[in-house]
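Right, one structure below, let's go through it.
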Amino acid sequence: MDQFGISRLADWLEDNTQAILDKKVKLDLAEILAAVDYLGVLDRPAKTYLNQRQASYYRDESDHKLNLIDDQALLTNTQDRIMVNHVDGAVEDDEIKFTYNHEPVFDEGYHAKKDLNLLKYGLEVIGAAASTGHFDAVQHALSKDAVLSLILAGNQLVTWQA
């Protein structure tokens, strides 16, 4: 993965949206995890968060944007998501600010399309910012909970597709 790989992944998700939702094209969780690892925002490799408890993450790393309501549950059981939906600021001055919103992917059952949209839009926004050459500013500005949400969305989609 490189700075342009994040945008390529977002474009691939966009190009394959319907096929993914129709379960004709399988989402590769390894690609999502590689993008997250490349970003370097989280403290540990992305795959380790799939087996971590909510309480541990909340205590040790969370920036408290996610609603983590069951201390003993695994992070993969988290039903809240934080979507990266916009970036602004003065890139040349390393003043980048991302905006976020909660994405209700489990209202009245699981909505795979919402998780897929979270991945597409989040990766597109992050990828655009990462390709500016101001990667340190992007890393500093990104919410850990929003980056974790990419892992959670990807994992849930892969599980749903199985």
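What is the residue count in region 122-131 for residues that are open to solvent by less than 30 Å² (accessible area, probe 1.4 Å) and farther than 12 Å from TYR100 by Cβ?
Here the count works out to 4.
Could you list all residues from region 85-143 that are farther than 18 Å from LYS65 by Cβ, assigned to a loop (DSSP other than H, G, I, E, B) and of a type in the set (Val, Ile, Thr)?
THR132 - this is the single residue of region 85-143 that is farther than 18 Å from LYS65 by Cβ, assigned to a loop (DSSP other than H, G, I, E, B) and of a type in the set (Val, Ile, Thr).
What single numbered condition from (1) part of a strand (DSSP E or B); (2) on the phi < 0 side of the Ramachandran plot fails to hold for LYS65?
(1) is the only condition that LYS65 fails.
For region 1-51, what are the residues that are open to solvent by 20 Å² or more (accessible area, probe 1.4 Å), part of a loop (DSSP other than H, G, I, E, B) and more than 17 Å from SER143 (Cβ to Cβ)?
MET1, ASP2, GLN3, PHE4, ASN16, ASP22, LYS23, LYS24, VAL25, LYS26, ASP28, PRO45
Would region 132-143 turn up any residue that is surrounded by 18 or more Cβ atoms within 10 Å (Cβ to Cβ), in contact with a Ser or Thr (Cβ under 9 Å, 6 or more places away or on another chain), more than 18 Å from LYS47 (Cβ to Cβ) and modelled with pLDDT of 95 or more?
Scanning region 132-143, I find at least one residue that is surrounded by 18 or more Cβ atoms within 10 Å (Cβ to Cβ), in contact with a Ser or Thr (Cβ under 9 Å, 6 or more places away or on another chain), more than 18 Å from LYS47 (Cβ to Cβ) and modelled with pLDDT of 95 or more, so the answer is yes.
Can you give me the number of residues within region 81-121 that are hydroxyl-bearing (Ser, Thr, Tyr), in contact (Cβ under 8 Å) with a residue 40 or more places away in the chain and open to solvent by less than 50 Å² (accessible area, probe 1.4 Å)?
Adding up the residues that qualify gives 0.
Using beta carbons and a limit of 8 Å, which pairs, at least six apart or on different chains, have the first residue in region 17-36 and more than 14 Å from ALA162 (Cα to Cα) and modelled with pLDDT under 95 and the second one among the small types (Gly, Ala, Ser) and surrounded by fewer than 16 Cβ atoms within 10 Å (Cβ to Cβ)?
The qualifying pairs do not exist here.
So, of the residues in region 52-80 that are within 20 Å of ALA30 (Cβ to Cβ) and out of contact with any Phe, Trp or Tyr (no Cβ under 7 Å at 6 or more places or on another chain), which turns out to be most open to solvent (accessible area, probe 1.4 Å)?
In this case the residue turns out to be LEU74.
Could you grab the pairs with beta carbons closer than 7 Å, sequence gap of 6+ or different chains, first residue in region 60-71 and in contact (Cβ under 8 Å) with a residue 60 or more places away in the chain, second one among the β-branched types (Val, Ile, Thr) and surrounded by 14 or more Cβ atoms within 10 Å (Cβ to Cβ)?
These pairs meet every condition: LYS65/ILE82; LEU66/THR78; LEU66/ILE82.
The values are calculated or read from the model by the stated rules, or taken from the named source; none is laboratory data. Because the structure is predicted, anything quoted here is derived from the model rather than measured. Positions of Cβ are backbone-derived with ideal geometry, glycine not excepted, and every protein chain shown enters the neighbour counts. The area values use the complete protein model at the heavy-atom level, side chains included, leaving out ligands, DNA and RNA. Shrake-Rupley method; radii C 1.70, N 1.55, O 1.52, S 1.80 Å.
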